[in-house]
Amino acid sequence: MTDSLIMRDATGADLPAIVALLADDKLGSTREDAADLAPYQAAFAEVEADPNQRLIVAERDGETVGTFQLSIIPGVAQQGLKRAMIEAVRVEAAERGSGLGTQMMRWAIEEARRAGCRQVQLTSNVERPDAHRFYERLGFAPTHVGFKLKLG
């Protein structure tokens, strides 16, 4: 099942499949709108123009089965620590439990390493306990408390 997997940078043509993945869960179904791709297209244009941002798709047999965003964040703290941030991780429902998520995260970690990062971080909504266990199995530790402030 894993031999035909391709990890690649997304293109604009991938947006409908990516948005469908983002919307296909309890939280995403309330905040995503696949009927209006305009805001996603505008955001994708910004991501695509920024060399420190990558929107990734996992593709199997021509079908998008997973996605995430990988951001490279240069920093001054911790002696100039460069870190990678992984966000918006989604796996097609039929692929959950297949090992795809592990492959995606290992790929992301290797890409971060290639980019010179010395740390990989991510956030996960408190309502996703299964995801938390998954990340902990991969070696991520819940070392910080995150805060968000919605603007508008």
For the chain, with the dipole built from +1 on Lys and Arg beta-carbon atoms and -1 on Asp and Glu ones, taken about the Cα centre, which of Leu122, Gly80, Ala35 lies farthest toward the positive end? Gly80
Dividing the alpha-carbon radius of gyration of the stretch 2-106 by 2.2 N^0.38 Å (N being the number of residues), what value is obtained? 1.13
Taking the DSSP beta bridges in the chain as the whole, what percent of them are antiparallel, to the nearest 5? 85
Under the rule a/c < 1.5 gives rounded, and otherwise a/b versus b/c splits prolate from oblate, where does the stretch 26-73 land using the Cα gyration tensor? oblate
Any lysines with Cα under 22 Å of the Lys26 Cα? List them, leaving off those in the same chain fewer than 8 positions away. Lys148, Lys150
Ranked packing of 111-120, 17-26, most packed first, by mean Cβ within 10 Å: 17-26, 111-120
Charge dipole (debye, nearest 20) of the stretch 26-152; +1 at Cβ of Lys and Arg, -1 at Cβ of Asp and Glu: 700
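No lab work stands behind these numbers, since they all come straight from the coordinates. This is a predicted model, so every value here is computed, not measured. So basically every Cβ, Gly included, is an ideal-geometry build from the backbone, and we count neighbours across all protein chains shown.
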